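Here's the structure, in structure tokens; my notes come after.
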Amino acid sequence: MKIVHVLLIIITLSLGNYGLAQNQAQNPIIHADVPDMSMIRVGDNYYMSSTTMHMSPGVPIMKSTDLVNWEIVNYAYNTLGDTDALNMKNGENTYGRGSWASSLRFHNGTYYVSTFSSTTGKTYFFKTKDIENGSFEEISFAPSLHDNTLFFDDDGKTYLIWGGGKLNIVELKDGLSGVKEGTERVLIENATEPIGSNYILPAEGSQLFKVKDKYYLFNIAWPRDGMRTVIIHRADKITGPYEGKLAFQDKGVAQGGLIDTPAGDWFAYLFRDYGAVGRIPYLVPVKWENGWPILGENGKVPKTLDLPPSKGLIPGIVASDDFNRNSGDKDLPLVWQWNHNSQPDYWSVKDREGYLRLTTDRVDTSFLDTRNTLTQRTIGPESSGITKIDLSGMKEGDYAGLGLLQKNLGFVGAKMINNNKYIIMVNGASEAPVEVESIPLDQEELYLKAVGDFKNRKDTARFYYSLDGENWKAIGNELKMSYTLPHFMGYRFALFNYATKKAGGYVDFDYFKIDDQKDK
């Protein structure tokens, strides 16, 4: 009887803890690729910008009212520029470049986003009065100032801090049109010093905050044989001198900054490299001691937080799409991004009502070279993407389908060779993508499914096809997904169509369905 009582107590406590966890936020806050976050609070609303590199439109703006449930509400730009690399022309691309680590600010009724690009060699500012629905005005100048943080000080001066290891500061001209001559100086000669001299990554990813008349500068660094680490410097003046300390070191969760709630609670927003799904955001509570922010619970990332629970990433971060549009609807919801700058004359949701049509505009050699590839994030721990495709407009040598986009790609789709169509699976985990399986196809409609398993960094994917949308068959082999620096991005579900013989063929996608469970 005593054993039974003990078991009942254990079960009750377990269920109670489970119920508590269900009513609280859990880390990671977003199990998807949302790196290099910059966050602000304006009244009761939180806004966050992030990095999407080569994707277009770029610098997504997300909104939340509770720090946990986020929705994409805008982008800072539609295209970063009109260059061969951004347009994927003449053998050039901007994989892993584009725009990086943005800084989001609110000042005198205007929202500002700063970023930079090694692709264009410029530093950018985007500003708007309406961050959720407005368009952004662009201001840019050379050179490209790496990992910069924009800061409006109380005395009316505007500064930019940037660099890696050695951090620099400069005052900006009114209107952010450029650098004030004679104001550039070294802010911190060796910002990496708090972790020692043996490191893989020097201090970078600067974000500056002012709390109670003190300035706090957040950076990330990576000690050799260690993990990604938060370094914080503080000063009484923005120009220094700064004193620094190792501020947080757990699970490699690092790079970000401070955010407070209307109730006066503080958190640090940070992210973690988490394999093929990408770099995923975490929140850790912050307490203040002796004028320093103290991150984490006993120096650790908590599993749960005293914040509302997540309602899931669908439809705020990713979403299904039936491609039906009503009058006044945007052609594409904000969850979609093109792989590079899109070519508007060669895609449409209007040419055939209820379908996305992708038309080839040139001859390419591979999935990675293809323009007008439409993407959404994969999400963890597991997720699946399904599409139905009409192949009747294909031409000889065309390839079309559903992919998982990264350098080590994989896809399931159709090809047209010698006027015959085939269902194929391609595995790009090795240096040269391999067509693993090819099956003759004698109908024009085809259902395709890609399934990713990111649990505990398993990072595998399988592909399936169906002829009727109900009976699914596996095709090819398992894709071992890898996060690679040439792309610097988590895997993306991707709808694509490319020609290898002659341009002008098209395919129609009836829908895209995303689910956060792999078996659906």
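The values are calculated or read from the model by the stated rules, or taken from the named source; none is laboratory data. None of the values given here were measured: they were computed from a predicted structure. Please note: Cβ atoms are built from the backbone with ideal geometry, for glycine as well, and neighbour counts cover all protein chains shown. The accessibility values were calculated without ligands, DNA or RNA, using every heavy atom of the protein model including side chains. Shrake-Rupley method; radii C 1.70, N 1.55, O 1.52, S 1.80 Å.
When only residues in the stretch 378-389 that are in contact with a strand residue (DSSP E or B) (Cβ under 6 Å, 6 or more places away or on another chain) and over 18 Å from LEU356 (Cβ atoms) count, which is surrounded by the fewest Cβ atoms within 10 Å (Cβ to Cβ)?
Of everything passing the filter in the stretch 378-389, GLU382 is surrounded by the fewest Cβ atoms within 10 Å (Cβ to Cβ).
Of the conditions (1) in a loop (DSSP other than H, G, I, E, B); (2) open to solvent by less than 40 Å² (accessible area, probe 1.4 Å); (3) of a type in the set (S, T, N, Q); (4) within 15 Å of VAL507 (Cα to Cα), SER392 fails just one. Which one is it?
(2) is the only condition that SER392 fails.
Considering only the stretch 104-155, state which residues are farther than 18 Å from TYR77 by Cβ, open to solvent by 60 Å² or more (accessible area, probe 1.4 Å) and part of a loop (DSSP other than H, G, I, E, B).
ASN108, PRO143, ASP154, ASP155
In the stretch 365-394, what residues are under 19 Å from GLU435 (Cβ atoms) and touching a Phe, Trp or Tyr at 6+ places or on another chain (Cβ under 9 Å)?
THR365, SER366, PHE367, LEU368, ASP369, THR370, THR373, ILE389, MET394
Do you know which of the residues in the stretch 180-212 that are open to solvent by 50 Å² or more (accessible area, probe 1.4 Å) and not charged (D, E, K, R) is nearest to LEU104 (Cα to Cα)?
Filtering first and then ranking leaves VAL186.
Hey, could you check the stretch 50-91 for residues that are without any contact (Cβ under 8 Å) to a residue 40 or more places away in the chain and among the charged types (D, E, K, R) and say which is surrounded by the most Cβ atoms within 10 Å (Cβ to Cβ)?
Taking the candidates together, the pick is LYS89.
Out of the residues in the stretch 264-287 meeting the condition of being open to solvent by 10 Å² or more (accessible area, probe 1.4 Å) and out of contact with any strand residue (DSSP E or B) (no Cβ under 7 Å at 6 or more places or on another chain), tell me which one is farthest from ARG41 (Cα to Cα).
GLY275
Could you check the stretch 166-207 and list, in sequence order, the residues that are part of a loop (DSSP other than H, G, I, E, B) and not hydroxyl-bearing (Ser, Thr, Tyr)?
Those that are part of a loop (DSSP other than H, G, I, E, B) and not hydroxyl-bearing (Ser, Thr, Tyr): LYS173, GLY178, LYS180, GLU181, GLY182, GLU184, GLU189, ASN190, ALA191, GLY196, ASN198.
What is the residue count in the stretch 349-389 for residues that are assigned to a strand (DSSP E or B), within 25 Å of the chain's Cα centre (by Cα) and among the polar types (S, T, N, Q)?
So the answer is 5.
Of the residues VAL451, VAL426, which single one is under 22 Å from the mean Cα position of the chain (by Cα) and assigned to a strand (DSSP E or B)?
VAL451
If I ask for residues that are touching a helix residue (DSSP H, G or I) at 6+ places or on another chain (Cβ under 8 Å) and of a type in the set (Phe, Trp, Tyr), which ones from the stretch 113-135 would you list?
Scanning the stretch 113-135 gives a single hit, PHE125.
Out of PHE463, PHE488, I need the residue that is buried (at least 19 other Cβ atoms within 10 Å of the Cβ) and assigned to a loop (DSSP other than H, G, I, E, B). Which one?
Step by step, each of PHE463, PHE488 is checked, and only PHE488 is buried (at least 19 other Cβ atoms within 10 Å of the Cβ) and assigned to a loop (DSSP other than H, G, I, E, B).
Just to be sure I understand the filter: pairs with C-beta atoms under 9 Å, separated by 6 or more residues or on different chains, first member in the stretch 327-341 and over 22 Å from GLN406 (Cβ atoms) and in contact (Cβ under 8 Å) with a residue 12 or more places away in the chain, second member part of a loop (DSSP other than H, G, I, E, B) and β-branched (Val, Ile, Thr). Which pairs pass?
The qualifying pairs are ASP331/VAL349.
Closer than 22 Å to LYS237 by Cα, touching a Phe, Trp or Tyr at 6+ places or on another chain (Cβ under 7 Å) and open to solvent by less than 30 Å² (accessible area, probe 1.4 Å): does that describe ILE169?
yes
Identify, from the list LYS473, LYS395, LYS415, the residue that is within 28 Å of ILE314 (Cα to Cα) and among the charged types (D, E, K, R).
None of the others qualify; the one that does is LYS473.
Could you please let me know if ALA474 is farther than 19 Å from GLY490 by Cα and not in a loop (DSSP other than H, G, I, E, B)?
yes
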